[in-house]
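Quick notes on the structure that follows.
The values are calculated or read from the model by the stated rules, or taken from the named source; none is laboratory data. Everything quoted here is computed from the prediction, not taken from an experiment. When we count neighbours, we look across all protein chains shown, and the Cβ atoms used for this are built from the backbone with ideal geometry, even at glycine.
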Amino acid sequence: MNDRYKSPLSERYASRQMQYIFSPDMKFKTWRKLWIALAETEKELGLPITQEQIDELKAHKDDINYDVAKERERQVRHDVMSHVYAYGQQCPKAKGIIHLGATSCYVGDNTDIIIMTDALKLVRRKLINVMAELAKFADQYKNQPTLAFTHFQPAQPTTVGKRAALWLHDLYLDLEDLDYVISTMKMLGSKGTTGTQASFLELFDGDHDKCRRADEIIASKMGFDSCYPVSGQTYSRKVDTRVLNVLAGIAQSAHKFSNDVRLLQHLKEVEEPFEKNQIGSSAMAYKRNPMRSERIASLANYVMSDVMNPMLVASTQWFERTLDDSANKRLSIPEGFLAVDGILDLYLNVVDGLVVYPKVIEKHFMAELPFMATENIMMDAVKAGGDRQELHEKIRQLSMEAGKNVKEKGLDNNLLELIAADPAFGLSMDELKKAMEPKRYVGRAPEQVEEFLREVIGPVLKKNEEILGMTAEITV
């Protein structure tokens, strides 16, 4: 159907897995699972609910009569009660005990928690796989010297692998945050209309212990350890903020990576994958634009800005609840997840196919290395009997002259020739060239990469090896 709006997140960016998690089918099947869990719990705690009624509910947990629910909602303007009605049409024996004692948020909020938790776990699987690919890349290029940049000006050299380790470390920090948030996700449980469990206290004839146990049993049936200890009608909307903050953190890291790749591609040192028949520009046929990295940045901007939505919702909820959260949540939470899902697929695809051009890297490196090597050259000259203060001033002046030749005259860097021609240094051209070995200037970069991968990343990947091996399909 091309006559109405379709979300690009579904059409172009997010995976089918993530789309299913936020699909109507997932939502409404989870509602029915929650109604079954509630009925089973109430039966176990002594309410007059029969196994026949529960079996009837289970028999129709997946064959949702959407047409009946949709028509009912058109009449009554209430989504939960419409689905209660539709379920009751299929389960006449259990009709009277569906949703017993519960309010709408019993299915709405508990389902939101379940869906967000499933989505966080999918994000985690993809994040781990991106980290695994980055670890391979960092290890492969840990010894490849390259210019480092501060302020995007050439600075003390590093290695290609060490730079990748910086990208990887950002994702490691995101994983720590993600694991924490997943570990804190709890069910709302059966708290009633204002969170006091008054309806359940009535159902259980004033038995407070049964009210508490109801929460525990429902949580267990739905795969959770516990429920939030207190709530209004809804779980605290700060939970949504926590969740989107984690997604925004991942987006932030991915954006940094994509910026670096785009800059490196401009320098022709590193290039993202480019398909055989891919078109870079409609006008300039020779172009190879870093469009995947640009898409990462674009989606990341969206996710980082999306964090404001749950913040505004949580901060403006009145007392035990207002309904002005609903429309916002329906947009901001799913779309934040769908966007991050697309970002991680792109990230995995780009890292898996990153192309490195060592000859270009070496060319750029060697053009700047004479400037980088001046400290070592000066020390060699001092060892040969020179005066450090005098040599420092001379090398400063010669560096300015060489820089002027490069910038104003477009010549090659001739600093070594200028130093060799100055008798104050007492160094021949051959001796100076010995100081130009790139590996002398990368410090502990290779060792830092090895240590980081061995001591930090390796154990994480080992612990999660059963989820490794994912690949990413890019739709467009």
Inset, instruction - Determine which single condition G403 fails, assuming it passes every other condition in (1) small (G, A, S); (2) more than 21 Å from I361 (Cα to Cα); (3) at pLDDT below 90; (4) outside any loop (DSSP other than H, G, I, E, B). - result: (2)
Legend entry - Residues located in the stretch 406-431, provided they are in a helix (DSSP H, G or I) and within 14 Å of P370 (Cβ to Cβ): V406, L415, L416, E417, L418, I419, A420, M429, E431
Legend entry - Members of the stretch 66-79 found to be within 35 Å of the chain's Cα centre (by Cα) and modelled with pLDDT of 95 or more, listed by number: Y66
Legend entry - Considering residues of the stretch 81-95 that are touching a helix residue (DSSP H, G or I) at 6+ places or on another chain (Cβ under 6 Å), without any contact (Cβ under 8 Å) to a residue 40 or more places away in the chain and of a type in the set (A, V, I, L, M, F, W, C) only, the residue farthest from T322 (Cα to Cα): C91
Inset, instruction - For G223, work out the one condition from (1) surrounded by fewer than 16 Cβ atoms within 10 Å (Cβ to Cβ); (2) of a type outside the set (K, R); (3) under 30 Å from E362 (Cβ atoms) it doesn't fulfil. - result: (3)
Legend entry - Qualifying residue in the stretch 96-110 (condition: surrounded by fewer than 17 Cβ atoms within 10 Å (Cβ to Cβ) and without any contact (Cβ under 8 Å) to a residue 60 or more places away in the chain): yes
Inset, instruction - Could you check how many residues of the stretch 370-386 are modelled with pLDDT of 80 or more and among the charged types (D, E, K, R)? - result: 1
Legend entry - Checklist (1) assigned to a loop (DSSP other than H, G, I, E, B); (2) in contact (Cβ under 8 Å) with a residue 12 or more places away in the chain applied to G206, failing item: (2)
Legend entry - Test set (1) over 20 Å from V456 (Cα atoms); (2) basic (K, R); (3) part of a helix (DSSP H, G or I) - K191 fails condition number: (3)
Inset, instruction - Answer yes or no: is there a residue in the stretch 148-156 that is assigned to a strand (DSSP E or B) and in contact with a Leu (Cβ under 6 Å, 6 or more places away or on another chain). - result: yes
Inset, instruction - For A327, indicate whether it is among the small types (G, A, S), at pLDDT below 95 and crowded, with 16+ Cβ neighbours inside 10 Å. - result: no
Inset, instruction - Would you check if I97 is farther than 27 Å from P310 by Cα and among the aliphatic types (A, V, I, L, M)? - result: yes
Inset, instruction - Identify the single condition in (1) surrounded by fewer than 17 Cβ atoms within 10 Å (Cβ to Cβ); (2) polar (S, T, N, Q); (3) within 15 Å of E362 (Cβ to Cβ) that Q140 does not satisfy, given that it satisfies every other one. - result: (3)
Legend entry - Number of the condition not met by L416 [criteria: (1) under 28 Å from L171 (Cβ atoms); (2) at pLDDT 80 or above]: (1)
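So that you can scan it fast, the table gives a plain yes or no per residue for (1) in contact with a Ser or Thr (Cβ under 6 Å, 6 or more places away or on another chain); (2) surrounded by fewer than 16 Cβ atoms within 10 Å (Cβ to Cβ); (3) more than 26 Å from R163 (Cβ to Cβ):
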residue	(1), (2), (3)
D380	no, no, yes
E390	no, yes, yes
E401	no, yes, yes
A420	no, no, yes
M429	no, yes, yes
A435	no, no, no
V449	no, no, no
E455	no, yes, no
G458	no, yes, no
Inset, instruction - Please determine, by comparing only the residues of the stretch 279-300 that are touching a Lys or Arg at 6+ places or on another chain (Cβ under 8 Å) and more than 16 Å from V351 (Cα to Cα), which one is modelled with the lowest pLDDT. - result: S281
Inset, instruction - Just give me the residues in the stretch 18-37 being closer than 21 Å to L127 by Cβ and outside any helix (DSSP H, G or I), in sequence order. - result: F22
Legend entry - Members of the stretch 19-75 that are within 30 Å of P8 (Cα to Cα) and touching a residue at least 60 places away in the same chain (Cβ under 8 Å): Q19, I21, F22, M26, K27, T30, W31
